[in-house]
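Input: a single structure, listed below in structure tokens.
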Amino acid sequence: MTHPEKPSQHELTVTEIGIIRESGTGDRFMIGRGLNPALIDQLIKKSKQSHIRRYCHRDAEERFASPESFEAWRTSKGGRNPYPLTDGSGDLAGLIWYGPQPFTGTDILNPATDPNHTFAIRMYEGTEGRGLARPFMIETMHDYVEGLIRSGEIATFNGIHLETDADNPRSIPLYKKVGFEEVSRDEEGRVTMVITPERIFG
């Protein structure tokens, strides 16, 4: 992968980067890099699921409302790098993305070293309690950072930040297990978390 070059829309493909096997059933899930048109269509539909609308309403309304809005999102703000998780039949089970984005969540940290890349994860219906999210996050984070190393962008990489809702019971413990730390919580219940390069590489 040449990172973070963006393919044109007609070149969108999926490259396999890893496999997760569910411990209880042995079901096989593929982690990919990039989305093809079939997965984009699934993404548009799955973004309308009730739990996604509750916590991530912009997915259905803006980011993934149509193939055109997906492409506009993918190429905005320095680019987004999507990673799909699919089951054995090719059904979209989850999505993670990373990309460069300035950190504005809090003034607790030093602006010169604030995390300057963002991250988000979506897990769709049928994946709850199956132990897929954590290995999905770890595998994709390593792949993303390896891309930064190959491109030379690692020299300016200060870590990754995310936002989540305080009333989302699964999210904060999951992020902490991967190495994220909470740095702020606003009056509306938005929680900002960060992971430093030292935690990623350590």
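The values are calculated or read from the model by the stated rules, or taken from the named source; none is laboratory data. Because the structure is predicted, anything quoted here is derived from the model rather than measured. Glycine also receives a Cβ, built like all others from the backbone with ideal geometry; neighbour counts cover every protein chain displayed.
Here are the numbers for the structure shown:
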item: Complete set of residues in the range 36-50 that are polar (S, T, N, Q), under 18 Å from THR13 (Cβ atoms) and surrounded by fewer than 18 Cβ atoms within 10 Å (Cβ to Cβ); result: ASN36
item: Subset of the range 26-85 [under 23 Å from VAL191 (Cα atoms) and charged (D, E, K, R)]; result: ARG53, ARG54, ARG58, ASP59, GLU61, GLU62, ARG63, LYS77, ARG80
item: Selection count where residues are touching a strand residue (DSSP E or B) at 6+ places or on another chain (Cβ under 7 Å) and either part of a loop (DSSP other than H, G, I, E, B) or farther than 25 Å from ARG130 by Cα (or both), scope the range 162-181; result: 3
item: Among (1) in contact with a helix residue (DSSP H, G or I) (Cβ under 9 Å, 6 or more places away or on another chain); (2) within 18 Å of THR192 (Cα to Cα); (3) surrounded by 14 or more Cβ atoms within 10 Å (Cβ to Cβ), the one test that THR86 misses; result: (2)
item: Only listed residue being over 15 Å from ARG122 (Cβ atoms), surrounded by fewer than 21 Cβ atoms within 10 Å (Cβ to Cβ) and out of contact with any Leu (no Cβ under 6 Å at 6 or more places or on another chain), chosen from ARG33, ARG53, ARG80; result: ARG33
item: Members of the range 149-202 found to be hydroxyl-bearing (Ser, Thr, Tyr), farther than 27 Å from ARG58 by Cα and without any contact (Cβ under 8 Å) to a residue 60 or more places away in the chain, listed by number; result: THR156
item: Qualifying helices (runs of 4 or more DSSP H) (wholly inside the range 1-111; at least 3 residues being farther than 21 Å from SER171 by Cβ and modelled with pLDDT of 95 or more); result: 37-46, 67-74
